[in-house]
Amino acid sequence: MASADHPASEHGSYPEKSQPTVAVLDERRRAALAEIDNAPFSWFHIKVCLVAGVGFFTDAYDIFAINIAATMLGYVYGKGGALSTWQSTGVKVATPVGNLVGQLVFGWLADRLGRKRMYGVELMIMIIATFGQALSGQAPAVGIIGALIVWRFIMGVGIGGDYPLSAIISSEFAATRSRGRLMTAVFAFQGWGQFAAAIIGIIVVSAYKDEILDSPYPAAKPVDYCWRLLIGLGCVPGLIALYFRLTIPETPRFTMDVERNVTQASKDIENVVTTGTYVVDEDAPIQRVKAPRASWADFRAYFSHWENRKVIIGTAYSWFALDIAFYGLGLNNSVILTAINFGNPSGNKTSSLYVYQNLKNICVGNLVLSVAGLIPGYWVSFLLIDTWGRKPIQLMGFSVLTVLFIIMGFAYDKLTATPSVTDAFVFLYCLTNFFQNFGPNTTTFVIPGEAFPTRYRSTAHGISAASGKLGAVVSQLGFGQLINIGGTNKFVKHIMEIFSFFMLTGIFSTLLIPETKQKTLEDLSNEEQRGYITGASLSRQYGCQCTEFTSIRRGLNVLFFRSCFTVCMG
């Protein structure tokens, strides 16, 4: 209760002389942000990288394991040992469609409710959906392919939510000088996820070798075990990371600029930077500052300026163009390797020996592509992204990819004419994987996590990422319908030519984005920081009704709905 000397106003605020002045709060905000931006690299940054990175490891494993599992599903449930075009397209495209939904929804929710409150929810969705896939079964009223499509869509929603959340959390905790490397290190776990999917594929196929060889063609029972293990094991790293995601602190930038609690954010920064922990006194009065707030009107006003609108156009279209090729190749590596007869087994195609050799060769082929192109590309980006810059890497990547796809498309027949020349095609194919990751695949993830103000950062990243997944959906639908025009896998060369066109357009969209290296997130927001805070009021933790979706910070960390009554003034 207010004292007689300092009565509270009708809104619960207190006289200015009992509070820090607006100028002091504005200066305190800038000082707190500077402390984050100049913080030395610490164990806490490593923790953020690992916690976010394990999620991306799981994302990539779950997305790209279907590249191998689709062939297994064909032997078990397909006619003639293969899924139909629509069945194969369905199980592959369901996840990108779910990604698109998850990126938009979780991107918005993270700006609305907070990064911490949503972090871990998306991982729970992924774990449940992955487990559901592994236990899916055939029934008279429900086909297993349909069930898998539904589960993979749900899993995709969770994976999609991980993109903006992990990007924004790693971006907002990072120091300016190492922000690019931290975000790239998180994203690079994607390469290890693809690598792990190929390794697990080899292990499970080798483990069931005797059962496959002893079974009549198409060795349905042992192959059924193989794909279920391959998919189901994808939930293990997610289970390991779940606890740490639920206990990661809220980013001080969200507390400061969205919750508008500068005092709490300053304490969080001091604690997180020094000890990696944070403490919230829920009974303490909250001083809410007056600053720009997220709303539909403010969103339109911010992006009505061309200098801001061109950035989101550039990040969104660049990601769209990149994912046309990235997922067009990534989800169809097995198809392309088969089309060029790379590692194809010889002999009777209706024998169990052929089934075993084909599955093993597909896994080995995917392993080669991961080691030779995908993983090195991520780590070259890691080394150069904070020195050379994001924009030059993206421009270079799109330019090189344009040339590579032109060569692979227009010289396809000559490059696949003989086994010795086919090795040259495989080399070029590995180069495309390398320059996708040492290029736009990395930078399209990093830049949207830096280039927008805190109140819209996650939403804008979600919009950019969802544009990418729209490209993945378009690519996968097109790939599935075009590839067999003129005969089995006869249209591959023209698909490569189409990819080259989209890489060319990516060069022009890259010109719209700013260079973000060595700049603070606030400088990149295109908003004046001096005078950002225009007022303040004091509020107590009781009186007004609200409903929160939160997590227990201690104990079992389970989610529940909690009704609370707080004064939400200011």
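See the values below:
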{"item": "Residues of segment 348-407 satisfying the condition of being open to solvent by 20 Å² or more (accessible area, probe 1.4 Å), outside any helix (DSSP H, G or I) and closer than 20 Å to GLY439 by Cα", "result": "THR387, TRP388"}
{"item": "Yes/no for SER458 being open to solvent by less than 10 Å² (accessible area, probe 1.4 Å), in a helix (DSSP H, G or I) and in contact with a Phe, Trp or Tyr (Cβ under 8 Å, 6 or more places away or on another chain)", "result": "yes"}
{"item": "Hey, ILE168 more than 28 Å from PHE434 (Cβ to Cβ) and either more than 17 Å from the chain's Cα centre (by Cα) or assigned to a helix (DSSP H, G or I) (or both) or not", "result": "no"}
{"item": "Among (1) aliphatic (A, V, I, L, M); (2) farther than 30 Å from PHE425 by Cα; (3) modelled with pLDDT under 90, the one test that ILE340 misses", "result": "(2)"}
{"item": "Restricting segment 27-63 to residues that are open to solvent by 10 Å² or more (accessible area, probe 1.4 Å) and acidic (Asp, Glu), the residue that is farthest from ALA536 (Cα to Cα)", "result": "ASP37"}
{"item": "Qualifying positions in segment 207-224 - open to solvent by 40 Å² or more (accessible area, probe 1.4 Å), among the aliphatic types (A, V, I, L, M) and closer than 8 Å to SER352 by Cα", "result": "LEU213"}
{"item": "Residues satisfying the stated conditions in segment 225-234, i.e. surrounded by fewer than 23 Cβ atoms within 10 Å (Cβ to Cβ) and under 11 Å from TYR61 (Cα atoms)", "result": "GLY232, LEU233"}
{"item": "Yes/no for ILE145 being assigned to a helix (DSSP H, G or I), under 22 Å from ASN99 (Cβ atoms) and either out of contact with any Gly (no Cβ under 8 Å at 6 or more places or on another chain) or not basic (Lys, Arg) (or both)", "result": "yes"}
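Residue by residue, here is whether (1) in a helix (DSSP H, G or I); (2) open to solvent by less than 80 Å² (accessible area, probe 1.4 Å); (3) modelled with pLDDT under 50; (4) touching a helix residue (DSSP H, G or I) at 6+ places or on another chain (Cβ under 8 Å) holds:
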| residue | (1), (2), (3), (4) |
| --- | --- |
| MET503 | yes, yes, no, yes |
| GLN529 | no, yes, no, yes |
| THR550 | no, yes, yes, yes |
| ARG554 | no, no, yes, no |
| CYS564 | no, yes, yes, no |
| CYS568 | no, yes, yes, no |
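Residue-by-condition table, conditions (1) under 22 Å from PRO440 (Cβ atoms); (2) free of Cβ contacts under 8 Å to residues at least 24 places away in the same chain; (3) touching a strand residue (DSSP E or B) at 6+ places or on another chain (Cβ under 6 Å):
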site	(1), (2), (3)
ARG309	yes, yes, no
THR315	yes, no, no
TRP319	yes, no, no
LEU322	yes, no, no
PHE326	yes, no, no
ILE336	yes, no, no
ALA339	no, no, no
TYR356	no, no, no
VAL364	no, no, no
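The values are calculated or read from the model by the stated rules, or taken from the named source; none is laboratory data. Bear in mind that the values here come from a model prediction, so they are computed numbers and not experimental data. Cβ coordinates were reconstructed from backbone atoms using ideal geometry, including for glycine residues, and neighbour counts include every protein chain displayed. Accessible surface areas use protein heavy atoms only, side chains included; no ligands, DNA or RNA. Shrake-Rupley method; radii C 1.70, N 1.55, O 1.52, S 1.80 Å.
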